[in-house]
Amino acid sequence: MAVIKAINSKASLAKAINYVTQKQKTEEHLVSGIDCVPKNAINEMKFTKEHWNKTDGRQYMHLTQSFKAD
């Protein structure tokens, strides 16, 4: 059974994405996105926030999903 956690963070969007996509944290084939390319995610998210004038308050939601090794 998977364990899913919501993590509250004050880190910037770029810092959070760079952290969770580290090779020692996540296998590259598991990094994906909906309606965005993972390599462009930071810029696309920043553009969207600025376009809709949503540059303060909650900037993102960080969720983790973990599985048993077997």
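What number of residues within the stretch 17-33 are of a type in the set (Ser, Thr, Tyr), assigned to a loop (DSSP other than H, G, I, E, B) and open to solvent by 90 Å² or more (accessible area, probe 1.4 Å)?
Step one: list which residues in the stretch 17-33 are of a type in the set (Ser, Thr, Tyr), which gives 19, 21, 26, 32.
Then drop every residue that is not assigned to a loop (DSSP other than H, G, I, E, B), which leaves 21, 26, 32.
Now restrict to residues that are open to solvent by 90 Å² or more (accessible area, probe 1.4 Å): 32.
Final tally of qualifying residues: 1.
Can you tell me which residue is nearest to Met1 (Cα to Cα) among those in the stretch 44-61 that are more than 15 Å from the chain's Cα centre (by Cα) and in a loop (DSSP other than H, G, I, E, B)? Full working, then the answer.
Going through the stretch 44-61, the residues more than 15 Å from the chain's Cα centre (by Cα) turn out to be 47, 50-57.
Still in the list and also in a loop (DSSP other than H, G, I, E, B): 52-57.
Working: Trp52: 38, Asn53: 39, Lys54: 36, Thr55: 36, Asp56: 36, Gly57: 33 Å.
Residue satisfying both the conditions and the ranking: Gly57.
Hey, Thr64 hits all of (1) assigned to a strand (DSSP E or B); (2) open to solvent by 70 Å² or more (accessible area, probe 1.4 Å) but one; which does it fall short on?
Result: Thr64 fails condition (2) only.
Looking at the stretch 49-70, I want the residues that are within 18 Å of Val31 (Cα to Cα) and have a partner that is open to solvent by 100 Å² or more (accessible area, probe 1.4 Å) with Cβ atoms under 6 Å, at least 6 apart or on another chain. Which pairs are those?
Thr64/Lys5; Gln65/Ile4
For the condition of a type outside the set (S, T, N, Q), open to solvent by less than 100 Å² (accessible area, probe 1.4 Å) and in a helix (DSSP H, G or I), what is the one hit in Ala41, Ala11? Write out each step before concluding.
On the way: Ala11 fails: in a helix (DSSP H, G or I).
From the options Ala41, Ala11, the qualifying one is Ala41.
The values are calculated or read from the model by the stated rules, or taken from the named source; none is laboratory data. Note that the coordinates shown come from a computational prediction; the quantities given were computed from them, not determined experimentally. Cβ coordinates were reconstructed from backbone atoms using ideal geometry, including for glycine residues, and neighbour counts include every protein chain displayed. We work out accessible area using only protein heavy atoms, side chains counted, and drop any ligands, DNA or RNA first. Shrake-Rupley method; radii C 1.70, N 1.55, O 1.52, S 1.80 Å.
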